[in-house]
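K.L.:
This is the structure I have questions about; it appears just below.
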Amino acid sequence: MKNKFRFILFFMLTMLFVSCNVFSPDYEIFENAYSPDNNKTIEGLMKNFVYSYTFKDSFLYEEILDDDFVFQYESEGVFGSWTKNEDVIITKRMFRSFTKIDLVFNTDFPQHTSIQDTTVFTSFRITFYSGDEGVMSLTGYSKFMFRKYSDPETSYKMIFWEDLK
């Protein structure tokens, strides 16, 4: 009888641990840190952008990007760009490379606009933490373009991001 009780207790504890995903952030403990309906405003979409970096959540990050998304940059006079699929792969690698990422935009993003495509310029500070290797902080400027959709479930998506230095 004692062995049966131990087996049942072991089985129940095992099921408890298996049923929770230890690799997924527990957003509920962060006071509305993530809400899938946040993409109904540009401000909400950008909060999801910041939270995707904070929690290193590539699934959330991918949700905010339009299928036609383009990232553009300039490096030593040479311009380059990549698509949504390439950006998601690069972002996943970045998320895996650092133990913590802090991202702060220095702009109040608009709630709603009356036009289909909205452009917003902003400055930002991003800090990368990598354990024993220390901290790297960068500041810069970005240009974002957002597309407004009539679908009430997904009102806005990011269609363009340019790193302006």
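The values are calculated or read from the model by the stated rules, or taken from the named source; none is laboratory data. Computed from a prediction, not measured in an experiment: that's the story for all the values here. Glycine also receives a Cβ, built like all others from the backbone with ideal geometry; neighbour counts cover every protein chain displayed.
K.L.:
Need the failing condition index for K165 against (1) within 20 Å of V70 (Cα to Cα); (2) outside any loop (DSSP other than H, G, I, E, B), just the number.
P.N.:
Status for K165: all satisfied but (2).
K.L.:
Name the single residue, out of those in the range 91-129 being more than 16 Å from the chain's Cα centre (by Cα) and charged (D, E, K, R), that is farthest from E62 (Cα to Cα).
P.N.:
D108
K.L.:
Which of the residues that make up the range 107-136 are modelled with pLDDT of 90 or more and over 24 Å from K84 (Cα atoms)?
P.N.:
Y129
K.L.:
In the range 50-91, which residues are closer than 19 Å to G131 by Cβ and either assigned to a helix (DSSP H, G or I) or touching a Gly at 6+ places or on another chain (Cβ under 9 Å) (or both)? I'd like the intermediate steps shown before the answer.
P.N.:
So the first thing to find is which residues in the range 50-91 are closer than 19 Å to G131 by Cβ, and the list is 53-56.
If the condition is that a residue be closer than 19 Å to G131 by Cβ and either assigned to a helix (DSSP H, G or I) or touching a Gly at 6+ places or on another chain (Cβ under 9 Å) (or both), then Y53, T54 are the ones that fit.
K.L.:
Of the residues F17, F11, F23, F7, only one is in a loop (DSSP other than H, G, I, E, B), modelled with pLDDT under 50 and either touching a strand residue (DSSP E or B) at 6+ places or on another chain (Cβ under 6 Å) or over 30 Å from H112 (Cβ atoms) (or both); which?
P.N.:
Checking each option against the conditions leaves just F23.
K.L.:
If you don't mind, there's one more thing I want to ask. Restricting to the range 120-141, and then to whatever is β-branched (V, I, T) and surrounded by 13 or more Cβ atoms within 10 Å (Cβ to Cβ), can you tell me which residue is farthest from D163 (Cα to Cα)?
P.N.:
Within the range 120-141, the first condition is being β-branched (V, I, T), and the residues that meet it are 120, 122, 126-127, 135, 139.
Imposing the further condition that a residue be surrounded by 13 or more Cβ atoms within 10 Å (Cβ to Cβ) reduces the set to 120, 122, 126-127.
Details: V120: 12, T122: 10, I126: 13, T127: 16 Å.
Step by step, filter the range 120-141, then rank; the result is T127.
K.L.:
For F121, indicate whether it is in contact with a Lys or Arg (Cβ under 8 Å, 6 or more places away or on another chain) and either in a helix (DSSP H, G or I) or of a type in the set (F, W, Y) (or both).
P.N.:
Yes: the conditions hold for F121.
K.L.:
So, one more: Quick check: is even one residue across the range 83-106 within 17 Å of K40 (Cβ to Cβ), surrounded by 15 or more Cβ atoms within 10 Å (Cβ to Cβ) and modelled with pLDDT under 95?
P.N.:
No, there is no match, as no residue in the range 83-106 is within 17 Å of K40 (Cβ to Cβ), surrounded by 15 or more Cβ atoms within 10 Å (Cβ to Cβ) and modelled with pLDDT under 95.
K.L.:
In the range 35-81, how many residues are within 25 Å of H112 (Cβ to Cβ), modelled with pLDDT of 90 or more and of a type in the set (K, R)?
P.N.:
Result for the range 35-81: 1.
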